[in-house]
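A short reminder: the numbers here are calculations on the coordinates, not readings from a lab. Nothing here was measured: the structure is a model prediction, and the numbers come from that model. All Cβ positions, even for glycine, are placed from backbone atoms using ideal geometry, and neighbour counts span all protein chains on display.
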Amino acid sequence: MFNAARLPCPQSSVRRHPGRTLCLLSLFLGLCLPPAVTAGDKACQDKAASSHHCPDSSSPGHTDRTPDAIGIQGTPRADLINQPDTLDVPFTTTLEDAPGTAQSYVIGIDAGNGDDTINNTGTTNVDSTATATLNEWRLHFIDRRNDVGVGVQAEAAATGIDAGKNDDVVRNDGTLSVNANASASSRDIEIEFIGLPADVNAVTRAWSSAIGIEGGKGDDDLASAGLLEVFATSDVQRFSGNFTFLGAGSVDSNGIAQACALGLNGGKGDDLLWITDGTATISASAEARLADVQFEMLGVALGDALNTASATAVGLAGGEGDDTLGNAGAMTVSATATTVSTDIGTGLAVDAIFSESVADANATGLSGGDGKDTLRNEGTATITAHGDVIANRVALSAAGRIDATEADDKSVASDTATGMDGGTERDYLKNTGTLEVSASADINSNDISFTMVDALPGGRVRVPIEAHATATGMVGGDGDDIIKNDVTTTVNSSATADEVAVDLSLVDVVSAETSVNAYATSIGLAGGEGDDWLVNNGTLTVNSFADADSVDVSMTIVDLSIIVDVIDLINPQAPGTDEPAIGSHSTAIGLAGAEGDDWLWNFGTATITATADSDTVGFSFNETGIPNPLGDTLDTIRFVFDDEPVVSADTQSLAQAWGMDTG
């Protein structure tokens, strides 16, 4: 029942930059080893990158794997199944102190193939739990390994009612509670006297999938009038430590948490999906915590630390075919992704640990998918997506540090919230209830660096941080769509990016560079491609807020970086990008037509607001400096606000608001 496309790549292929990492040793030993990434590795990486989100049109937990537990099993024929009692279907699997994968898959009611009718008027509780732990200790005198993978994974999937193939009718008039919990934790500590660079990849991964009612193939009629609760939770905790007395210690440490929750999933066919009454709560939560410590008595601290969390939640997913989706009850859909990273690197020569954190949350209320779909909200629908990144970095070295060396190296908090999404072909979307959509992305970076002589070319180029929040009330997608808001639609997006950096050095030859950006976009009604009709007859409120802040403290005994400072003042851009080094970008649109011949009408009340703010605060102290040709002297204390940060950065705030955008 697990999707093979979602199984991880080999642990040696998930995350590594051997050409970048191993060649850094040449900075003080003159040694460079060839890259070891194969074409197969690259294909597997691309496949893994594309499978981080469960698609709206299919169930992420379904292949031919036999479930570990089934509450009620149907037959291949047409079945009539009534469940009026209390049905508890739990299953827990645990993997302790061993590499590998813990898997758990549970189905409450499995109707099998045939034209089935299923009624749940009682209480059905489905719980799937997978827990995996790994603790490893290693001691080496001389260590030279290649393609060593140490990892542990937990996968949990739960489905409340699986109707199977053919044309099915499913009703939930009682209580249907579905929970999938995956937890993976690992601790890897290595001590070596003489270390040589190696491709040591450690992966800790948790994956969870929870589905309330699965229609499968056929023209299905799925409805819930009772209490529907669907929760998918993934949690990852990883600690890795490498202690080397001479040479280079290298560990690529990866923490991956993925969670997906679907309320009613139609699958293939022309489906009818409704929350006719009652309450539906669909929630996906993914959290990854990663701590990475590298200590080199004399040498280079090498390593890649990638910490990712992705969460996807969909209330009603039509999938393929011409579907009708509706909500007349109280539906809440939420997706939350959180990453917390702490990276500590020390080396008497060079510190070169590359650290990235990514939190990606996606929440959709009604998703039509492929086909000509009708989407209606007649009740209350609350859609929320939140991504949160906390990145802490401490570097202590004698000759300097290197951070971002590739254009795509960055830490990102990203989330997307959509009330109704028509998908492809011609769709009809209408809101006659209350639709509330909100997306918020927050990223906080704390960077502390102490260097004896900071002189490496490209040193102290901090990993860029970005926050992206996108919220859309109703979007038609491809095709000629009709979108109407007759009552209340409220859309809010908020993106904040904050960085605090402290640089301490005895002799400073290079200049610190930073990139902090926040992007917030809110759209009330969006047509997409095609000839669309967008009509607001009710109350439409669209707000966007973006805030980017940077606080930089620099203390140097001897500052020789004036040449780099002058270059940065002439061209104050973040390295490798066209974006301002510190910028906030806020966009709010009431009715957005995009491509095609569109008709946009506002017969109600529309309030559109965009707010952007960015600030920099810099403090620099230099005991001994050289004259500045611009008229300043570096051996002074300077407080700088807004437009003259001490680090090479420009500050920009951009807020844009439109009532109607015809594209």
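Within the shell of other residues whose beta carbon sits under 14 angstrom from the beta carbon of Ala471, the net charge comes to -3, with Lys and Arg scored +1 and Asp and Glu -1. Taking the alpha carbon gyration tensor of segment 581-621, multiplying each eigenvalue by 5 and rooting it gives semi-axes of 38, 14, 2 Å, largest first. Ranked by the mean number of other Cβ atoms within 10 Å of their residues, highest first, the peptides 157-164, 96-103 come out as 157-164, 96-103. Computed from the Cβ-Cβ distance with R0 of 60 Å, the FRET efficiency linking Asp486 to Asp85 stands at 0.90. Using a simple spin-label model with pseudo-atoms 7 Å out from Cα toward Cβ, Thr75 and Glu595 lie 5.3 nm apart. Here's how it looks for Ser522: its modeled amide H is under 5 Å from those of Ala471, Thr587, Ala588, Ile589, which are all 5 or more places away or on a different chain.
Near Gly174, within a Cβ-to-Cβ distance under 15 Å, what is the net charge of the other residues, with Lys and Arg +1 and Asp and Glu -1? Once positives and negatives cancel, what remains is -4. Could you work out how far apart the two model spin labels at Trp137 and Ala225 are, taking each label as a point 7 Å from the Cα in the direction of the beta carbon, and quote it in nm? In this crude spin-label approximation the distance works out to 6.2 nm. Over all other residues within a Cβ to Cβ distance under 15 Å of Phe603, the charged ones net out to +1, with Lys and Arg as +1 and Asp and Glu as -1. Computed from label points 7 Å out along Cα-Cβ, the spacing between Thr539 and Glu96 is 5.6 nm.
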